[in-house]
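The values are calculated or read from the model by the stated rules, or taken from the named source; none is laboratory data. Keep in mind that this is a model prediction, so the values were computed, not measured. We work out accessible area using only protein heavy atoms, side chains counted, and drop any ligands, DNA or RNA first. Shrake-Rupley method; radii C 1.70, N 1.55, O 1.52, S 1.80 Å.
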Amino acid sequence: MPSSKPKQRDINPFPHSDSNKRYYTFDYYLKKKYGEKCAKITLDAGFTCPNIDGQKSRGGCIYCSARGSGDFAQSAYLSLREQYDIQVKKIRQKWNVTRFLPYLQAHTNTYASLDTLQAVYSAALALPGSVGLHIATRADCLPGATVEYIAELAEKTDVTVELGLQSAKDETARLINRAHSYEDFLEGYYALRNASSRIRVAVHLINGLPGETEEDMLNTVKEIAKIHPNECKIHLLHVLKGTVLAEWYKAERYIPMEQEAYVRTVVKQLTLLPEDIVIGRLTGDGSEADLLAPLWSKKKTIVLNEIDKMLYCQNLWQGKCAK
Ligand code: SF4
């Protein structure tokens, strides 16, 4: 006799889901938008960052890897097309995907002359099967002409600009050498918002930053809920070899977050975020070879399952406590 016990997906109260997920996954968003699975392809266009080259600061954010937080992109010595082809080939060995989302991830992808940006963005959009463009950058690196150009592009295709905020607390921003304030972030955020409603804006947050309490992490999410971006990514702070943070970790000046605290914090954050904000990710994706801590974060599926389990057991979902 077939079991009559309902599956979690059948009793899931969260509206933006076709599985047991009680939050609005990026995968679900892409499937709804394009009618099929799409794969993100991370690219390194060879940019640098004003926080590294001295324009804003030197040395970068204390956790920034040599690859400018673009550890999954291929080498910038390869052309965008070569990087793209390598990743598409790998993905097609696993899934039958025909649509792809080029993701300019490494360093600050609006930090160049307008001519250079136009050439890079056009080349990324011309890649075969490309459905749009995802641009990772800093909110303090959005000159008017660049924002205007992105708004023009967004009239023709799907463009997301991802802003690395990490924390809304300025004291933390100073500690991690982010080299811009929350007010600077808001200025860049609203420059995009006011330029075109067609530009999707994603905000990238990091849990477990030095000196931050759970209350700080929840406060950041409450601020994000107020400004209501299209997408929010939540990442765990990784201690990577060769970074300033690695030195702090070795000197016991920094203690990474435990899995249980991370899961509990993420669950609370999800309940505070409005239900229509797409959750771009809930775990980090640092290079495994360079990861010093926390090592539990390598088991991403376990972390995601624990988040699902806690949401289910406590009958919570994204937006349940949002104002
Ligand atoms: S803004 Fe990004 S690329 Fe620049 S230093 Fe910070 S983490 Fe690295």
How big is segment 191-323 along each principal axis, measuring the range of its Cα positions in Å and listing the largest first? 44, 40, 25
Choose one answer from 149, 103, 24: the residue with the largest mean-square fluctuation in a GNM of the chain with alpha-carbon springs under 10 Å. 149
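Over all distinct alpha-carbon pairs, what is the Kirkwood Rh of the chain in angstrom? Working shown, then result.
On the way: mean 1/r = 0.0492 Å⁻¹.
For the chain, inverting the mean 1/r across all distinct Cα pairs yields 20.3 Å.
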Under the Debye formula (equal points on every Cα, no solvent term), log10 I(q)/I(0) of segment 168-264 at q = 0.12, 0.22, 0.24 Å⁻¹: -0.45, -1.23, -1.36
At 1.4 Å probe radius, can you tell me the per residue accessible area of the chain in Å²? 47
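Looking at the chain only, what percent of DSSP beta bridges run antiparallel? Nearest 5 please. Spell out each step's value before the answer.
Numbers: 3 of 35 bridges.
For the chain, the DSSP antiparallel bridge percentage is about 10.
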Using a Gaussian network model of the chain with C-alpha springs under 10 Å, which one of 101, 78, 236 is most mobile by mean-square fluctuation? 78
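Write down, largest first, the equivalent ellipsoid semi-axes of segment 1-55 in whole Å, where each equals the square root of 5 times an eigenvalue of the alpha-carbon gyration tensor. Display every interim value, and only then the final one.
Details: eigenvalues 334, 39, 21 Å².
Listed largest to smallest, the semi-axes of segment 1-55 are 41, 14, 10 Å.
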Given the options 19, 167, 181, which has the most mean-square fluctuation in a GNM of the chain, springs set between C-alpha atoms less than 10 angstrom apart? 19
Over all alpha-carbon pairs in segment 48-188, figure out the percentage whose distance exceeds 21 Å. 46
Rounded to a whole number, what % of the accessible area of segment 25-313 do carbon and sulfur atoms account for, probe 1.4 Å? 50
Quick check: convex hull of the Cα atoms in segment 154-224, volume per residue, rounded to a whole Å³? 83
Which lysines does residue 40 reach when only Cα atoms under 21 Å apart count, and residues fewer than 8 places away in its own chain are ignored? 21, 31, 32, 89, 90, 94, 156, 233, 298, 299, 300
Once all protein chains are kept in place, residue 61 shows an accessible area at probe 1.4 Å, nearest 10 Å², of 20
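Select from the chain the helices, each a whole stretch of DSSP H, whose alpha-carbon atoms run 15 Å or more along the helix axis and whose Kyte-Doolittle mean is at least -1.0; answer none if there are none. Could the numbers behind the result be given before it?
Numbers: long enough: 80-94 (22 Å, -1.50); 114-125 (16 Å, 0.93); 144-156 (19 Å, 0.08); 182-195 (20 Å, -0.63); 214-227 (20 Å, -0.38); 259-272 (20 Å, 0.03); 300-313 (20 Å, 0.35).
Once both thresholds are applied, what remains is 114-125, 144-156, 182-195, 214-227, 259-272, 300-313.
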